[in-house]
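Have a look at the structure below before the remarks.
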Amino acid sequence: MPAQSDRTQVGIIGAGPAGLLLSHLLHLQGIDSVIVERRSRDAIEATIRAGVPEQGTVDTMIAAGVGDRLQREGAIHHGFDLRFGGQSHRIDLTALTGRSITVYPQHEVLKDLIAARLADEGQIIFEATDVSVHDVTADQPHIHYTAPDGITHDLACDLLIGADGSHGVCRAAIPETLRKDYFRIYPFGWFGILCEAPLSHHELIYARSPTGFALISTRSPGVQRMYFQCDPAEDATTWSDDRIWERLQANVAGEDGFRLKEGKIFQKGVIPMRSFACEPMQHGRLFLAGDAAHSVPPTGAKGLNLAANDVVILARAIEEFFHHNDNTHLETYTATALKRVWRVQHFSWLMTSMMHNLPDENEFDTKRQLAELELLTSSPTASQTLAEIYVGAPLGT
Ligand SMILES: Cc1cc2nc3c(=O)[nH]c(=O)nc-3n(C[C@H](O)[C@H](O)[C@H](O)COP(=O)(O)OP(=O)(O)OC[C@H]3O[C@@H](n4cnc5c(N)ncnc54)[C@H](O)[C@@H]3O)c2cc1C
């Protein structure tokens, strides 16, 4: 038996964007929570992942009082380029939707949320081990874990949130007989680099070329994030800087003579590409949020935003549960959250399948992809639909 018994209203597993944002939103409503996280604060704050919060995510952060640095340091982008056939075609997000996106790395969002939780004396147990969940269908579920000092804990709570990402323990607490998992594994990965170089372009570029996909993104005026399509089993360490630049330049090349500004590469790695969703997202008093319930390929820049959307829906439902003794919206959480999950799954799949070269691709596939891109960039209605989904609807819908 665990040595120490603790209690909170909401037990949260995982200090990623989902867990931290939820804990902060609950605190604003006067609801206690404890986050149990297996990694260290340093490791969380140093992990480079997503970088494009939608306007709804930015608005939520600002309204929750954790958006000061994001507003100061984030770069607002009013459009992005779709590049194919050797030419760039700008999607003017602001003209088409009245909204924009912000480039602000996920680990900076996490730094802001961790700082806010700790300033408000919120409890985050970093470096917890042997984390497990119990009694999720009872009135009082439990989290067991071992703290870094070696003491084992039994944390009882009213509600349990699985915000523990793709490889956490919570999803498995929904029995396989009640759960359906939907998967799509893509036959390519993304080779990602971080480099010290000036901006190659003032907005993001999504490029499709005969040599494959590339995304030209940014972290700051002096640090750039770029990706190109690769074999998912590729070993990044075997690629020299020259070879990486050669591939990236080939994937953006065109008759307009566009070239990337090169610089010192200081990080490289390969990301697998997959789509995943599980249903339901609730079992008893356990609620899954973010990557614990779904993940999308990064082509649509949606993973972080989808996690934030789950959490906004949950925060409202939890507030009603504790303050109004009403569990209606907790009971409808799966149905509400899944609407956006599947909209975003479709969009991320569309962007991925339209922009990448498929291993068994024939000329018909290439022509079809180019026709799709042509439609999206030449028809105002099609451009508007793309822009609306890219900037995202307000969160909580
Ligand atoms: C390499 C990479 C690149 C990405 N790039 C993009 C991108 O460009 N655009 C985009 O939109 N999305 C991107 N994503 C996806 C995006 O980062 C995720 O969708 C987002 O992090 C989801 O947040 P989350 O809080 O649900 O999960 P996570 O961020 O995964 O957080 C889960 C947390 O739970 C913790 N945890 C796991 N298991 C346990 C356990 N047993 N006990 C305690 N704690 C546990 C983990 O340590 C982690 O801190 C990327 C993801 C990866 C992996």
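Once the Cα atoms of helix 106-119 and of the chain are each reduced to a long axis, what angle between those two axes, in degrees from 0 to 90 to the nearest 10, is obtained?
20 degrees
Using per-residue counts of other Cβ atoms within 10 Å, averaged over each peptide, order 366-375, 336-345 from highest down.
Highest to lowest by the protection proxy: 336-345, 366-375.
Starting from the 7 Å offset along Cα-to-Cβ, what nm value, one decimal, do you get for the label separation of H89 and R259?
So the two model labels end up 2.7 nm from each other.
With the full set of protein chains in place, find how many percent of the accessible area of the chain is carbon and sulfur; take the probe as 1.4 Å.
The C+S portion of the solvent-accessible surface of the chain is 52 percent.
So, in Å, what gap is there between the alpha-carbon centers of the stretch 20-59 and the stretch 79-113?
Computed from Cα coordinates, the inter-centre distance equals 22 Å.
Testing the spin-label approximation: label points 7 Å from Cα along Cα→Cβ at R184 and D135. State their distance in nm.
Spacing of the two 7 Å Cα→Cβ label points: 4.2 nm.
Just name one of L110, G212, Q229: the one whose Cα is farthest towards the positive end of the charge dipole of the chain (beta-carbon charges, Lys/Arg +1, Asp/Glu -1).
Of L110, G212, Q229, it is G212.
Using 16 Å as the cut-off for backbone N distance, which residues of the stretch 134-148 belong to the label zone defined by a point 7 Å from the Cα of Q4 along Cα→Cβ?
Counting backbone N atoms under 16 Å from the label point, the list is 143-148.
Per 0.36 nm of contour for each residue apart, how much would the distance between R343 and D360 grow if the chain were fully extended, relative to their Cα-Cα spacing?
3.4 nm
Over the stretch 206-275, what portion of Cα pair distances is larger than 20 Å, expressed as a whole percent?
Percent of Cα pairs beyond 20 Å in the stretch 206-275: 28.
What accessible area per residue comes out for the stretch 274-334, rounded to a whole number of Å², with a 1.4 Å probe?
Ligands and nucleic acids excluded, the figure is 28 Å² per residue.
Once you treat every alpha carbon in the stretch 82-200 as an equal point and sum by Debye, what is log10 I(q)/I(0) at q = 0.14, 0.15, 0.24 Å⁻¹?
One equal scatterer on each Cα of the stretch 82-200 leads to -1.00, -1.06, -1.44.
Dividing the convex hull volume of the alpha carbon atoms of the stretch 234-393 by its residue count, what do you get in Å³ per residue?
183 Å³
For the chain, would you read off the P(r) tail past 30 Å as a percentage of all alpha carbon pairs?
In whole percent, the long-distance tail amounts to 42.
Would you mind computing, in nm to one decimal, how far apart the modelled labels at Q249 and A63 are, each placed 7 Å from Cα along Cα→Cβ?
4.8 nm
For E73 and E196 in one chain, what is 0.36 nm times their gap in residues minus the Cα-Cα distance, to one decimal in nm?
Extra length from E73 to E196 when fully extended: 42.5 nm.
What is the Rg over Rh value, at two decimals, for the stretch 15-171, using alpha-carbon atoms and the Kirkwood definition of Rh?
So for the stretch 15-171, dividing Rg by the Kirkwood Rh gives 1.07.
With a 1.4 Å probe and all protein chains kept in place, how much accessible area does E363 have, in Å² rounded to the nearest 10?
Result for E363: roughly 150 Å² accessible.
Please calculate how many Å² of accessible area the stretch 20-169 carries per residue, with a 1.4 Å probe and no DNA, RNA or ligand atoms counted.
41 Å²
Given only helices, namely DSSP H runs of n ≥ 4 each adding -39500 (n - 2.57), what is the per-residue ellipticity at 222 nm of the chain, to the nearest 500 deg cm²/dmol?
My calculation for the chain gives -11000 deg cm²/dmol from helical runs alone.
For the stretch 311-373 and the stretch 170-244, what is the separation of their Cα centres, given in Å?
19 Å
The values are calculated or read from the model by the stated rules, or taken from the named source; none is laboratory data. All of these numbers come straight from a predicted model, not from anything done at the bench. Cβ sites come from the backbone with ideal geometry, for glycine too, and all protein chains shown count toward neighbours. For the accessible areas, the whole protein counts, side chains as well, though only heavy atoms, and no ligand, DNA or RNA atoms are used. Shrake-Rupley method; radii C 1.70, N 1.55, O 1.52, S 1.80 Å.
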